[in-house]
Amino acid sequence: MGKITVRQAQDYLDALGYRLSNDGIPGPKTQAALGQFRRDHHLPDNLTEQELFLLLRQEAGKPEEKTQNPQGFWENIRYFSREEPGIACPCGRCGGFPVEPGEELMEAADGIREELGPMVPSSTVRCQAHNDELPGSVKNSRHILGKAMDFSCPKATPERIAECLERKKNEGTIRYWYAMSGGWYHFDVE
Ligand SMILES: [Zn+2]
Ligand SMILES: [Zn+2]
């Protein structure tokens, strides 16, 4: 659910002033504009296409919510939308939202994004079945409650990320965090 299409990416490029034809085809002009965007924003070149599209969307501004929104707080969330990649459970069996992402979780994510720059969520809501099939997951993971997010911040150093998360933990904004392998982080809220 929630993949960003080439056409949407072109719209975001267009909104940011990278002129090209919005034809839905990832041709050379689109590739060149994506490369320019990546250089302009000093992004690493090992991002997946979806990660790059997501960062592009964050820069271009959050799109209108396409589906109706069961929880009203999303309009106050600046950087994330409920339908974007990395928010719903991706298992394909549970409908994506066996539980809604919590307001406090998304507010905390917004605060982290505000400090650390572009942020890629990789896993937020999980149904119990999907959680249990992930290697190394714990049975009572807070992802099942919609109260945890895994993410990376490709432009922030590990030191800055750790400092930010530890401070937010001490402030009580988040409950717990840890670094996973590959530059990914987990945080959760009460
Ligand atoms: Zn699921
Ligand atoms: Zn996690």
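The values are calculated or read from the model by the stated rules, or taken from the named source; none is laboratory data. Bear in mind the structure is a predicted one, so any value in this text is a computation, not a measurement. Because the Cβ atoms are built from the backbone with ideal geometry, glycine has one as well, and the counts that use them run over all protein chains shown.
Taken over segment 124-145, the criterion of being crowded, with 21+ Cβ neighbours inside 10 Å, near ligand 2 (Cβ under 10 Å from one of its atoms) and either at pLDDT below 95 or assigned to a loop (DSSP other than H, G, I, E, B) (or both) is satisfied by Thr124, Arg126. Scanning segment 146-178 for residues that are part of a strand (DSSP E or B) and in contact with a helix residue (DSSP H, G or I) (Cβ under 6 Å, 6 or more places away or on another chain) turns up Ala148, Met149, Ser152, Trp177. For segment 109-141, filtering for residues that are over 18 Å from the mean Cα position of the chain (by Cα) and within 21 Å of Leu43 (Cβ to Cβ) leaves 0. For segment 79-93, the criterion of being out of contact with any strand residue (DSSP E or B) (no Cβ under 8 Å at 6 or more places or on another chain), more than 25 Å from Asp14 (Cα to Cα) and more than 16 Å from ligand 2 (Cβ to nearest atom) is satisfied by at least one residue. In segment 101-118, the residue that is surrounded by the most Cβ atoms within 10 Å (Cβ to Cβ) out of those that are of a type outside the set (Gly, Ala, Ser) and assigned to a loop (DSSP other than H, G, I, E, B) is Pro101.
The sole residue among Glu84, Glu65 that is in the same structural domain as Cys127 (by TED's automatic domain parsing) and modelled with pLDDT under 90 is Glu84. Screening segment 142-167 for residues that are under 19 Å from the mean Cα position of the chain (by Cα) and over 27 Å from Leu52 (Cβ atoms) and picking the one that is nearest to ligand 1 (Cβ to nearest atom) gives Ile144.
Just one residue in the set Pro121, Pro98 is assigned to a loop (DSSP other than H, G, I, E, B) and either outside the structural domain of His42 (by TED's automatic domain parsing) or within 16 Å of ligand 1 (Cβ to nearest atom) (or both); that residue is Pro98.
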